[in-house]
Amino acid sequence: MSYISTRGGGAPMGFTQAAMTGLAEDGGLLVPVSLPDVSGRLGEWGELSYPDLALEVMGLFSDLERSDLEGLVRRSYGTFRHPEVTPVVEVGRVRILELFHGPTLAFKDVALQFLCNLFELVLGREGGHLNILGATSGDTGSAAIHGAKGRERIRIFIMHPHGRVSPLQERQMTTVLDENVFNLSVHGTFDDCQRIMKTLFEDVEFKSGYSLGAINSVNWARVLAQIVYYFYAGLRTLKETGAEAVQFSVPTGNFGDVLAGYYAKKMGLPVRTLMVATNENDILARFFQTGVYAKGEVVPTISPSMDIQVASNFERYLFDRVGQDSGVLRDLMARFGRTGSCSLGPEHGGDRLFYAGVGTTKDTLEVIGRYHREYGYLLDPHTAVGVHVAEQALSEDVPTICLATAHPAKFGDAIKDATGEDLARHEVLERLRDLPTRSVEMPADLDAVRDYVKAHGVE
């Protein structure tokens, strides 16, 4: 399988190079030249364990030896606390796909445990080093840090918006004191952090000279790892219900998680609808409702991982919508960069696969409280946004699967506000409360971040 840039620059590359490269040198995102049709294998795949299914799905996109890929998969998912890795639980009229059983209690672990193990394998073979640069609105940072900490060939630099992640999310990052871990608390928004990151990756001389690697969802390997749990949940639900198709509701800010579901559908998984669930930062919901992709001001909410106005993964979807025409895509992205807005013309049609909705803070708190009262189930604020949107489009004949992206214990204040009780606890997080922390505050300035990486990275 070869990978190309959405913006048309550079030569095609293999999977390993794509994963190590992260963001294409022309500023585009790397995508596979084609997607395999697996519709004839769904019956077989529905019987596989999660690691075995991951091996089959990833093997279609990888240039690794099968034995090496199998070793990566076993090591990555052996760290999860649930034997199914990503179990599906029936709660009321929906099914909850629990993605929070990894080391940092967030769905990002599913991809980042795999990606960091992949980095280590490749660097060990080549004798190289990697300076990972990432931006986080909450969970990506801690998942990446816990995947990379202590690895001798990796240094990791994670930017988070100062004061705009939950206290526990921040402690999950800043209590990791390994010498190869650097937390940068940036005075700005997540979008500022993401802009700095992408700009530095577009600086070819700096990226090459300092061996920059990407762990954000711009890295194709992350999207690939997330495709697996759509097949796992979808095929099990189809088998249990006898339904002909399923639908998913996905709380999203950067579009990476829902994009994985889009690719699973294109590969042959019977998906009727993908629900794009946003909070008040509704740039993606507005696009699917109006066709206009226009950013606004970031609004802080109780679902902070979705407080995003520029969805970094959306470019991969737009690339498909414009018929994989890199010239048209470049023009769209340039217009968005200049004006903060772009739109697709009628020649690019609509997409009936997607349904979009918004869950406000009021909606989120109501859903958390109601699901606790009626079903004894605690939803985190991000998952609650997805459940709220799902309830607007439930179907009698198509089971609805809601992605649970984080453990509720990471958002104790919101749970207490919604239920009136201090219920959100987890032993992993309790151990963090009295640990020392380390981070560096800095302005939302490109040169400041570049200079810090130069001073502390490995050339």
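The values are calculated or read from the model by the stated rules, or taken from the named source; none is laboratory data. What you are looking at is a predicted structure, and each value in this text was computed from that prediction instead of being measured. We place every Cβ from the backbone using ideal geometry, glycine too, and count neighbours over all the protein chains shown. Calculation scope for accessible area: heavy atoms of the full protein, side chains included, ligands and nucleic acids excluded. Shrake-Rupley method; radii C 1.70, N 1.55, O 1.52, S 1.80 Å.
Within the shell of other residues whose beta carbon sits under 15 angstrom from the beta carbon of Glu47, the net charge comes to -2, with Lys and Arg scored +1 and Asp and Glu -1. In straight-distance terms, cross-link reach from Lys149 covers every one of the lysines whose alpha-carbon lies under 26 Å from its own, apart from those fewer than eight places away in the same chain; here that gives Lys108, Lys198, Lys207, Lys410, Lys454. Summary value for the chain: 19 percent relative contact order, contacts being C-alpha pairs under 8 angstrom separated by 6+ residues. The mean sequence distance of close C-alpha pairs (under 8 Å, at least 6 residues apart), as a share of the length of region 7-80, puts its relative contact order at 31 percent. Looking at region 322-407, the GluC sites (Glu not before Pro) that sit in a DSSP loop and have at most 10 other Cβ atoms within 10 Å of their own Cβ are Glu396.
Annotation for Glu297 and Asp26: the two label points, set 7 Å from Cα along the Cα-Cβ direction, are 3.7 nm apart. With contacts taken as Cα pairs under 8 Å at a separation of at least 6 residues, region 95-208 carries a relative contact order of 24 percent.
Considering only Val428, Tyr375, Thr364, the residue lying farthest towards the positive end of the dipole of region 363-459 is Val428, judged by Cα position with unit charges set on Cβ. Heavy atoms of the protein chains alone define the surface here; on that basis region 1-109 has 38 Å² accessible area per residue at 1.4 Å probe size.
Within the set of other residues whose C-beta is less than 12 Å from the C-beta of Leu235, count the net charge using Lys and Arg as +1 and Asp and Glu as -1. Residues close to Leu235 contribute a combined charge of -1. Tell me, what % of the accessible area of the chain is carbon and sulfur with a 1.4 angstrom probe? Accessible surface attributable to carbon and sulfur in the chain totals 45 percent. Of the DSSP H helices in the chain, those with a Cα length along their own long axis of 15 Å or more and a mean Kyte-Doolittle hydropathy reaching 0.0 comprise 108-126, 220-241.
Each of Tyr50, Val85, Phe100 was scored by the projection of its Cα onto the charge dipole of region 1-158, and the greatest displacement toward the positive side belongs to Phe100; charges sit on the C-beta of Lys, Arg, Asp and Glu.
Per residue, region 153-193 exposes an accessible area of 31 Å² to a 1.4 Å probe, with every protein chain left in place.
Using the Cα gyration tensor of region 305-446, with a ≥ b ≥ c the square roots of its eigenvalues, what is the shape: rounded (a/c below 1.5), prolate (a/b larger than b/c) or oblate (neither)? In terms of gyration-tensor shape, oblate. Applying a DSSP loop filter and a limit of 12 other Cβ atoms within 10 Å to the trypsin sites (Lys or Arg not before Pro) in region 302-400 leaves Arg352. Once the other residues with Cβ under 13 Å from the Cβ of Cys402 are scored (Lys, Arg +1; Asp, Glu -1), what is the net sum? Charge balance near Cys402 sits at -3. What is the log10 of I(q)/I(0) for region 3-118, computed with the Debye formula using one identical point scatterer on each Cα and no solvent, at q = 0.13, 0.17, 0.21, 0.23 Å⁻¹? The Cα Debye sum returns log10 ratios of -0.64, -1.00, -1.23, -1.29.
Taken about its Cα centre, region 308-411 carries a charge dipole of roughly 420 debye when the Cβ of each Lys and Arg holds +1 and the Cβ of each Asp and Glu holds -1.
Taken per residue, the accessible surface of region 308-422 reaches 40 Å², heavy atoms only and a 1.4 Å probe. Placing unit charges on the Cβ atoms of the charged side chains and taking the dipole of region 179-324 about its Cα centre, the candidate lying farthest along the positive direction among Tyr232, Ala311, Ala260 is Tyr232.
For region 39-85, trypsin sites (Lys or Arg not before Pro) meeting the loop criterion (DSSP other than H, G, I, E, B) and having at most 16 other Cβ atoms within 10 Å: Arg81. Taken about its Cα centre, the chain carries a charge dipole of about 100 debye when Lys and Arg each add +1 at the Cβ and Asp and Glu each add -1 at the Cβ.
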